[in-house]
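Participant: One structure follows; several queries about it will come next.
The values are calculated or read from the model by the stated rules, or taken from the named source; none is laboratory data. Note that this is a predicted model, so its numbers are computed, not measured. A quick note on method: Cβ atoms are made from the backbone with ideal geometry, for glycine too, and the neighbour counts reach across all protein chains shown. These accessible areas exclude ligands, DNA and RNA; they are computed on the full protein's heavy atoms, side chains included. Shrake-Rupley method; radii C 1.70, N 1.55, O 1.52, S 1.80 Å.
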Amino acid sequence: TSRSQWRRSSPVPKEWAGQRIFLRFDAIHAGTDYWVNGRHLGYSENLYTPVEWEITDLVHPGMSNRLDLRMTVATVSETLSISSGYAFHNLGGIDRSVRLFVLPQTHIKTLHLSTDLDKDYRDADLNLNLTVDGPSEGLSLHVSLIAPDGKIAKETTEKITSDIRVPVSNPLKWNAEKPSLYRLVLELVKDGKTLEKIE
């Protein structure tokens, strides 16, 4: 049946108390049941895609915590993908990184960026499509766009909405031979305090 079990104990930093704690598998190749400290999280059958669980209420910051997995490779997903058949060996297991990470109670949950040049290919719009997890009342987003020379090309603070449009006057254009790479810094702010910073 190609079954296996996996156990690991790991401390969770006590500084993480009061924040939201997540467990992420970048890829796991098996039908998998997950337990944290003896409590069942759920089941996944994602062969090549990430699996993420919020475990805030299940872990004990400042103490050792236990993660248990029961993995079965012989699943409907594996049969349909024929992955192990193509490889001529069992591909079951944890394929990529596993990590614990912490986020503030209110944080940016999803973020998609796109840029559009105007019809003359001169000016651009930086479009931010985002969702916030947690209370969004009183939040703002501080946007800093830093040019390749290190100077600030655009800086603005915007009210949180799902679609934020930031006009950028005559940004450097680029091609494969001469890329002009900008750095974007986003800060989620409430009452003058930065809750989260993404670069």
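Participant: Post the alpha-carbon centroid distance, segment 108-166 to segment 17-35, in whole angstrom.
Facilitator: So the two Cα centres are separated by 30 Å.
Participant: Hey, another quick one. Give me, ordered by chain and number, the residues 5 or more places off I28 or on other chains with an amide H under 5 Å from its own placed amide H.
Facilitator: T49, D95
Participant: Let me ask you something else. Rounded to the nearest whole Å², what accessible area per residue is found for the chain with the 1.4 Å probe? Provide the component values of the computation, followed by the final result.
Facilitator: Numbers: 12210 Å² over 199 residues.
Value for the chain: 61 Å² per residue.
Participant: Okay, next question. Give me the percent of the accessible area of the chain that comes from carbon and sulfur atoms, probe 1.4 Å, all protein chains in place.
Facilitator: Values: 6200 of 12210 Å².
Taking all protein chains in place, the chain shows 51 percent carbon and sulfur surface.
Participant: Once you place label points 7 Å from the Cα toward the Cβ at S180 and S140, how far apart are they in nm?
Facilitator: 2.9 nm
Participant: Spelling out what I want: for every residue of segment 40-45, take phi, set θ = phi - 60°, compute 6.51 cos²θ - 1.76 cosθ + 1.60 (Karplus), and round to whole Hz; glycine and proline get x.
Facilitator: Result, rounded to whole Hz: 6, 7, x, 10, 9, 9.
Participant: Using a Förster distance of 45 Å, how high is the FRET efficiency between K193 and H40, based on the Cβ-Cβ distance and rounded to 0.05? Provide the component values of the computation, followed by the final result.
Facilitator: Working: r = 37 Å, r/R0 = 0.82.
Step by step, r from the Cβ atoms, then E = 0.75.
Participant: Oh, and also: Would you mind computing, in nm to one decimal, how far apart the modelled labels at R8 and W53 are, each placed 7 Å from Cα along Cα→Cβ?
Facilitator: For the pair R8/W53, the computed spacing is 1.3 nm.
Participant: Semi-axes of the equivalent ellipsoid of segment 106-197: what are they in whole Å, largest first, if each equals the square root of 5 times a C-alpha gyration tensor eigenvalue? List each step's numbers first, then the result.
Facilitator: Details: eigenvalues 139, 37, 26 Å².
Equivalent-ellipsoid dimensions as semi-axes: 26, 14, 11 Å.
Participant: Tell me the net charge near N170. Cut-off is 13 Å between Cβ atoms, N170 excluded, with +1 for each Lys or Arg and -1 for each Asp or Glu. Let's see the in-between values first.
Facilitator: Details: positive: R122, K154, K173; negative: D118, D120, D123, D125.
Local charge sum for N170: -1.
Participant: From the phi of every residue in segment 122-137, what ³J(HN,Hα) in whole Hz does the Karplus formula 6.51 cos²θ - 1.76 cosθ + 1.60 yield, where θ is phi - 60° and glycine or proline is x?
Facilitator: Here the 3J(HN,Hα) series is 10, 9, 9, 10, 8, 9, 10, 10, 9, 10, 10, 9, x, x, 9, 5 Hz.
Participant: While we're looking at this one, here's another question. Using Stokes-Einstein with the Kirkwood hydrodynamic radius over Cα pairs, what translational diffusion coefficient do you get for the chain at 25 °C and a viscosity of 0.890 mPa s, in µm²/s rounded to a whole number?
Facilitator: Stokes-Einstein gives a translational diffusion coefficient of 121 µm²/s.
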